[in-house]
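To keep things clear, I will list the structure first and then write my remarks on it.
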Amino acid sequence: MLKSQTEWPEPIIRVQSLSEGCKDSIPDRYIKAPTDRPFVNSSSSHDDDINIPIIDLGGLYGDDFDVRASIMKQISDACRDWGFFQIINHGVSPDLMDKARETWREFFHMPMEVKQLYANSPTTYEGYGSRLGVEKGAILDWSDYYFMHYLPFALKDYNKWPSSPSSCREVFDEYGKELVKLSGRLMKILSKNLGLEEKEVENAFGGEEIGACMRVNFYPKCPRPELTLGLSSHSDPGGMTMLLPDDQVAGLQVRKFDNWITVNPAKHAFIVNIGDQIQVLSNAIYKSVEHRVIVNSDQERVSLAFFYNPKSDIPIEPLKQLLTPETPALYPPMTFDEYRLFIRMNGPRGKSQVESMKSPR
């Protein structure tokens, strides 16, 4: 049985400090294998206009049945074909979105000794971190981050949230509340689009006892962006992710067949993606999709990934209502705790983690 580690295998180096000291090279620890570097198999020039679907939720709760049906279908198609979509007119205040992003940008520009007060360990990952996975000698990503729990309340520890900037805790509390509401609304749509009662998927997640956490990503400038990644290719292990991207510079890439599509963020949109747990619950009708982050030499990036997850100790398996003799369960039951530990030990590894969980046929 996997056990969580309490210490990182090597001393932690902050990528932000490296960025400030590196002029025209980066340490070998950050240089990816040639096949994993950006722009290899990247989308060719004629694909530059391709973007993940942008869905306007404005008419979702209006009186026009056709508009509602059209929005539902757009979400259904995006979950099946892309695993990713952007949403606008989603009900979260643009001011709150901007305030959340800029408050965190301020945090990452605070003196190192202030940030180090929140240095994390691989036991829970909570706090200020610079690596994912505990394999000694692993090739690392060009990013720092801050990870924190929002739900369940038993895990929510204000002492592990930064106390400065002074508005940080208050802003994240409000932001978390809004994103839990928005995620709950989307879960109902996902459920109805599978032909189920609107609360079925949420109930399989544990009903009112869902988990929610956030990772704020900081991608410093990089003198050799063609050699590394801000975040290696992976699918998200949880249920559903709401990403608030940087409003100035793109960096997220989504895999579509053999191409990497660079997402063009719409103004005040959230980028929503399906995680591995919803792929399992839907018996792969909805798919979690590989994505990665590229960095650049001119600008830093800040993004906020909000993860809406199942209760950590209930077994997640394909919903019985979706199974037939022709479409049997593809995955055995596994709790999110077990799955998350598996991921935390290994770090980001494409789609191989969820694929390795498939039941032997």
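The values are calculated or read from the model by the stated rules, or taken from the named source; none is laboratory data. This is a predicted model, so every value here is computed, not measured. Methodologically, a virtual Cβ is constructed for each residue, glycine included, from the backbone with ideal geometry; neighbour enumeration extends over all protein chains shown. Heads up: the accessible areas ignore ligands, DNA and RNA and are worked out on the full protein's heavy atoms, side chains in. Shrake-Rupley method; radii C 1.70, N 1.55, O 1.52, S 1.80 Å.
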**OP:** Would you check if N120 is of a type in the set (S, T, N, Q), without any contact (Cβ under 8 Å) to a residue 12 or more places away in the chain and within 29 Å of M345 (Cα to Cα)?
**Re:** no
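Please go through the stretch 163-206 and give me each residue that is part of a loop (DSSP other than H, G, I, E, B) and either in contact with a His (Cβ under 9 Å, 6 or more places away or on another chain) or polar (S, T, N, Q) (or both), ordered by number.
Once the filter is applied, which keeps residues that are part of a loop (DSSP other than H, G, I, E, B) and either in contact with a His (Cβ under 9 Å, 6 or more places away or on another chain) or polar (S, T, N, Q) (or both), the stretch 163-206 yields S163, S164, S166, S167.
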Original post:
Could you count how many residues in the stretch 7-40 are surrounded by fewer than 17 Cβ atoms within 10 Å (Cβ to Cβ), of a type in the set (S, T, N, Q) and touching a residue at least 60 places away in the same chain (Cβ under 8 Å)?
Top reply: 2
**OP:** Return the total of residues in the stretch 315-361 being at pLDDT below 70 and farther than 29 Å from G230 by Cβ.
**Re:** 3
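For I54, are the conditions met, namely being under 21 Å from the mean Cα position of the chain (by Cα), β-branched (V, I, T) and at pLDDT 95 or above? So that I can check it myself, show each step before the final result.
Values: under 21 Å from the mean Cα position of the chain (by Cα): yes; β-branched (V, I, T): yes; at pLDDT 95 or above: yes.
Judged against the criteria, I54 is a match.
Looking for something more than 21 Å from P310 (Cα to Cα) and open to solvent by less than 10 Å² (accessible area, probe 1.4 Å) - is there at least one such residue anywhere in the stretch 147-156?
First, the residues of the stretch 147-156 that are more than 21 Å from P310 (Cα to Cα): none.
Within the stretch 147-156, none of the residues are more than 21 Å from P310 (Cα to Cα) and open to solvent by less than 10 Å² (accessible area, probe 1.4 Å).
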**OP:** For the stretch 242-260, name all the residues that are at pLDDT 95 or above and touching a helix residue (DSSP H, G or I) at 6+ places or on another chain (Cβ under 8 Å).
**Re:** M242, L244, D246
**OP:** Would you check if S288 is part of a strand (DSSP E or B) and either in contact (Cβ under 8 Å) with a residue 24 or more places away in the chain or closer than 20 Å to H109 by Cβ (or both)?
**Re:** no
Original post:
Would a scan of the stretch 213-235 turn up a residue that is closer than 22 Å to P333 by Cβ and at pLDDT below 95?
Top reply: yes
Original post:
Could you say which residue among I210, I271 is more than 23 Å from N89 (Cβ to Cβ) and surrounded by fewer than 24 Cβ atoms within 10 Å (Cβ to Cβ)?
Top reply: I210
Original post:
Out of (1) in a helix (DSSP H, G or I); (2) under 30 Å from V295 (Cβ atoms); (3) more than 18 Å from the chain's Cα centre (by Cα), the odd one out for N159 is which?
Top reply: (2)
Original post:
What number goes with the only condition from (1) over 16 Å from the mean Cα position of the chain (by Cα); (2) closer than 28 Å to Y30 by Cβ that L231 does not pass?
Top reply: (1)
Original post:
So which pairs qualify, if the first residue must be in the stretch 154-167 and in contact (Cβ under 8 Å) with a residue 24 or more places away in the chain, the second must be of a type in the set (G, A, S) and surrounded by 13 or more Cβ atoms within 10 Å (Cβ to Cβ), the Cβ gap must be under 8 Å, and the two must be at least 6 apart or on different chains?
Top reply: L155/G211; K160/G127
Original post:
Among (1) within 23 Å of P220 (Cα to Cα); (2) part of a strand (DSSP E or B), which single condition is Y150 missing?
Top reply: (1)
Original post:
Quick one: how many residues across the stretch 172-198 are over 19 Å from S288 (Cα atoms), crowded, with 16+ Cβ neighbours inside 10 Å and among the small types (G, A, S)?
Top reply: 1
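Out of the stretch 49-71, which residues are open to solvent by 40 Å² or more (accessible area, probe 1.4 Å), in contact (Cβ under 8 Å) with a residue 12 or more places away in the chain and either under 17 Å from K192 (Cα atoms) or of a type outside the set (V, I, T) (or both)? Lay out the reasoning, then the answer.
Pass one, the stretch 49-71, residues open to solvent by 40 Å² or more (accessible area, probe 1.4 Å): 49-51, 54, 56, 58, 61, 63-70.
This time we only want the ones that are in contact (Cβ under 8 Å) with a residue 12 or more places away in the chain, so: 50-51, 54, 56, 58.
Scanning the stretch 49-71 gives N51, D56, G58.
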**OP:** Take the residues in the stretch 102-127 that are open to solvent by 60 Å² or more (accessible area, probe 1.4 Å) and assigned to a helix (DSSP H, G or I), then tell me which one is farthest from R169 (Cα to Cα).
**Re:** E113
